[in-house]
Amino acid sequence: MTKSSKATSLEILACDAGWRNYHFVKLTTEDGIVGWSEFDEGFGSPGVSAAIQRLSARVIGQNVFQHERIFAELFAATRPAAGGVVAQALGAIENALLDAKAKSLGIPCYELLGGKIRDRVRVYWSHCATWRINHPSWYRPPIESLDGVKAMGREVREKKFTALKTNIFSYDEGKPTGWRPGFGSPFAPEINVDRKILRDLHMHLEAIRDGAGPNVDILLDCNFNAKTEGYLKILRTIADVDMFWVEIDSFNPEALGYIRRQSPHPISSCETLLSLREFLPYFQAQAMDVAIIDTPWNGVWQSMKIAAAAEAFEVNVAPHNFYGHLCSMMNAHFCAVVPNLRIMEIDIDRLSWDRELFTHEPEIENGYLIIPNRPGWGTEPNEDALRAHPPRTSSGLLNYVARAEKLEHDPLMRDDGPS
């Protein structure tokens, strides 16, 4: 007998998350089951909420157990504009459906995905030093020198994490500043990498290695901050540094494959891709050693298909995870199940009110996340806490870059000030 539980409402909720907002889908069924998912529209994706709301009419009245059918119907309805914000909306809806289905059955989401093959997942401390340099008002203590970077590395080791990831910084008179021309800060559309940036990057990595010691793996995220020539310069400059991986975003799979074949370090990529169709050219070009999948963007069920394709191309996967605790739990269920897992990203520096926003935080022991066995994703947003921290009207990457530009002209303007 086929199980049935129809969706009766679909709502969007959001709250203040410092320099950005957290966003959630709340899907309620006729049985009173609530399925949750977390999504993001601050990472270059304005308008995901509007797309979800526009699509919600096609979800109401449907059986949440038939999430693959619902996804296929929503894709068909949006096929002329597939990808981008629309694809992220489909992923957010799919993830809420999975949570509702698992809760209806009284099982963790990983059971829907084939059952877990590991009870814990190795994690790396993401945005290590980055958040405390770029957002000192929210993530403390602020880092204002190389000594602070060394202390950060030491903190990672002392808290028994085995891996960390950092970013590119420019140092002026010893003070680090985030270097993100790929995201418009500084505005330099040519995205060239000069000698000073190369020297400063090497110095930064040496400092964090000095603090972390020889047994902590170091990852570097270059984002979209160079073109092929620049990435090769970076890789040559840090060839003598022991790196777990160098993360590179490129719109061209052939260019990325060219970089990988000359790299002394493993290459990870693809966190901004949507759907298996977009991943396939990168797999075919053997463009990366590790494929990074954003499961909130793609939907965890669809992400399982991407991971299976990666396995066929002898590639391991890792989740893109720099959002709230619900996203971390969603990614944890994905990581519990996929055979070809490399490692999981997670932010350890958190906002002071993050713990109020969710019923459960990720449990981490000695650098490993313990897979929860509670029904669904294993955590839910606390609606009272969300209301106590109303969302900002302008937030995320688009507005943060604008604030950074203003900060250069007005040092009194802090990143927790007016948007």
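The values are calculated or read from the model by the stated rules, or taken from the named source; none is laboratory data. Quick caveat: nothing in here was measured; it's all calculated off a predicted structure. We place every Cβ from the backbone using ideal geometry, glycine too, and count neighbours over all the protein chains shown.
Trp297: in contact (Cβ under 8 Å) with a residue 60 or more places away in the chain, surrounded by fewer than 24 Cβ atoms within 10 Å (Cβ to Cβ), in the same structural domain as Glu363 (by TED's automatic domain parsing) and touching a helix residue (DSSP H, G or I) at 6+ places or on another chain (Cβ under 6 Å), yes or no? Answer is no for this residue.
Of all residues in segment 303-328, which are touching a Phe, Trp or Tyr at 6+ places or on another chain (Cβ under 7 Å) and of a type in the set (S, T, N, Q)? Selection gives Ser303 alone. Scanning segment 258-280 for residues that are under 22 Å from Lys305 (Cα atoms) and either in a loop (DSSP other than H, G, I, E, B) or not hydrophobic (A, V, I, L, M, F, W, C) (or both) gives Ser268, Ser269, Cys270, Glu271, Thr272, Leu273, Leu274, Ser275, Arg277, Glu278. Test Phe183 against the stated conditions and say whether it is touching a Phe, Trp or Tyr at 6+ places or on another chain (Cβ under 8 Å) and of a type in the set (Phe, Trp, Tyr). So Phe183 passes the test.
Taken over segment 281-293, the criterion of being part of a strand (DSSP E or B) and either out of contact with any Asp or Glu (no Cβ under 8 Å at 6 or more places or on another chain) or closer than 16 Å to Ala72 by Cβ (or both) is satisfied by Val290, Ala291.
Asp384 satisfies every condition listed in (1) out of contact with any strand residue (DSSP E or B) (no Cβ under 8 Å at 6 or more places or on another chain); (2) within 17 Å of Trp36 (Cβ to Cβ); (3) touching a residue at least 12 places away in the same chain (Cβ under 8 Å) except (3). From the list Leu98, Leu90, which one is surrounded by 23 or more Cβ atoms within 10 Å (Cβ to Cβ) and in contact with a strand residue (DSSP E or B) (Cβ under 9 Å, 6 or more places away or on another chain)? Testing whether each residue is surrounded by 23 or more Cβ atoms within 10 Å (Cβ to Cβ) and in contact with a strand residue (DSSP E or B) (Cβ under 9 Å, 6 or more places away or on another chain) leaves just Leu98.
Tell me, please, whether a residue that is of a type outside the set (Val, Ile, Thr), surrounded by 18 or more Cβ atoms within 10 Å (Cβ to Cβ) and in contact with a Pro (Cβ under 6 Å, 6 or more places away or on another chain) can be found in segment 51-62. No, every residue in segment 51-62 fails to be of a type outside the set (Val, Ile, Thr), surrounded by 18 or more Cβ atoms within 10 Å (Cβ to Cβ) and in contact with a Pro (Cβ under 6 Å, 6 or more places away or on another chain). Of all the residues in segment 240-254, those that are surrounded by 17 or more Cβ atoms within 10 Å (Cβ to Cβ) and not in a loop (DSSP other than H, G, I, E, B) number 4. Selection of first residues in segment 233-257 that are acidic (Asp, Glu) and of second residues that are assigned to a helix (DSSP H, G or I) and surrounded by 17 or more Cβ atoms within 10 Å (Cβ to Cβ), restricted to Cβ pairs under 8 Å at least 6 apart or on distinct chains, gives the following pairs, ordered by first then second residue: Asp242/Arg209; Asp249/Gly182.
Can you name the residue in segment 1-28 that is among the aliphatic types (A, V, I, L, M) and at pLDDT 95 or above and is also farthest from Ser328 (Cα to Cα) among such residues?
Ala7
Residues that are touching an Asp or Glu at 6+ places or on another chain (Cβ under 7 Å) and assigned to a helix (DSSP H, G or I) do not occur anywhere in segment 357-376. Selection of helices (runs of 4 or more DSSP H) fully inside segment 121-224 by the criterion of at least 2 residues being assigned by TED's automatic domain parsing to the domain that holds Ile348 and on the phi > 0 side of the Ramachandran plot returns nothing.
Looking only at residues in segment 31-47 that are farther than 22 Å from Phe224 by Cα and in contact with a strand residue (DSSP E or B) (Cβ under 7 Å, 6 or more places away or on another chain), which one is surrounded by the fewest Cβ atoms within 10 Å (Cβ to Cβ)? That would be Val34. Based on what the data block shows, is Ser5 among the hydroxyl-bearing types (Ser, Thr, Tyr) and either within 19 Å of Phe322 (Cα to Cα) or under 17 Å from the mean Cα position of the chain (by Cα) (or both)? No; evaluated as a whole, the condition is false for this residue.
Only one entry of Ile197, Ile208, Ile234, Ile218 meets the criterion of being buried (at least 17 other Cβ atoms within 10 Å of the Cβ) and within 16 Å of Arg260 (Cβ to Cβ), and that entry is Ile234. Considering Phe334, Phe322, Phe313, the condition of being over 26 Å from Leu164 (Cβ atoms), among the aromatic types (Phe, Trp, Tyr) and assigned by TED's automatic domain parsing to the domain that holds Lys159 is satisfied by Phe313 alone.
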